[in-house]
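Step one of this worksheet: look at the structure below.
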Amino acid sequence: MSKSVGGVTPTRMELLRVRKKIKLAKRGHSLLKEKRDAIVMQFFELVEQAQELRKEVNTLLVGAHENLALAQAVAGSQNVYSTSLAIQEREDLDISHKNIMGVQIPTVGEIEFQRKVTERGYGLVDTDARIDTAAKDFEMVTSKLIRLAELEGSLRRLGMEIRKTKRRVNALEYIMIPKLNTGKRYIQMRLDEMERENFFRLKVIKRRLNNAAA
């Protein structure tokens, strides 16, 4: 009677089952590696976009603050502050999701932040043109910042998925597949031993039968 060691019963049926598990595990390992590599490639593409956009935002912010400071110097800080309170708020952002390699990524719908002077809500008679310039600059910065936030949100989600996929790849490669291979070798070894024992037993029986016949 075959004995079970470590939960593995050395039978040919079990050997077939373990071989099937190894085949599936290797296939899963290959698919997960492909997924991980594709996400990593997408991740670095977005990193490059985010870096370029961050540089652009920083440059725009410097210009916007310079124009704001100039507007405050010419029109007065109080006047600039009063004008800012009169500016109409924009509509709410339309946030949806897109799928990147099975990862749900938040995305912001297109909103036109650049407005005409007459659309901002403040009066034109008592305001200086430099306020208009500063407002235009900050509208552009806001648009870029929203796009940057979308990119950085995507990077966080993809980074989490890369780490999760990497853990699963490592678990298959260094734990599950080696464990299954060890079980397969054990079953094969026990089956070979039982085959030799049966062969020896049959030889003994045959010899005894021959001796009895003689």
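In table form, for the structure just shown:
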read-out	value
Three-way shape label, the stretch 12-213, alpha-carbon gyration tensor, a/c 1.5	prolate
T11 paired with E56, simple spin-label distance in nm, labels 7 Å along Cα-to-beta-carbon	6.6
Rounded FRET efficiency, nearest 0.05, which uses the C-beta distance separating R196 from A171 and R0 of 30 Å	0.25
Taking K26, K55 and counting other C-beta atoms within 10 Å, the order from fewest to most	K55, K26
Y186/R163 FRET efficiency (R0 30 Å; Cβ-Cβ; nearest 0.05)	0.35
Linear extension gain, A149 paired with D37, 0.36 nm per residue minus alpha-carbon span	37.9 nm
Inter-part distance where the stretch 29-86 and the stretch 145-172 are each reduced to a Cα centre, Å	20
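Every number here is computed from the coordinates shown, using simple stated rules; none is lab data. Predicted, not measured: the structure shown is a model, and the values here were computed from it. Methodologically, a virtual Cβ is constructed for each residue, glycine included, from the backbone with ideal geometry; neighbour enumeration extends over all protein chains shown.
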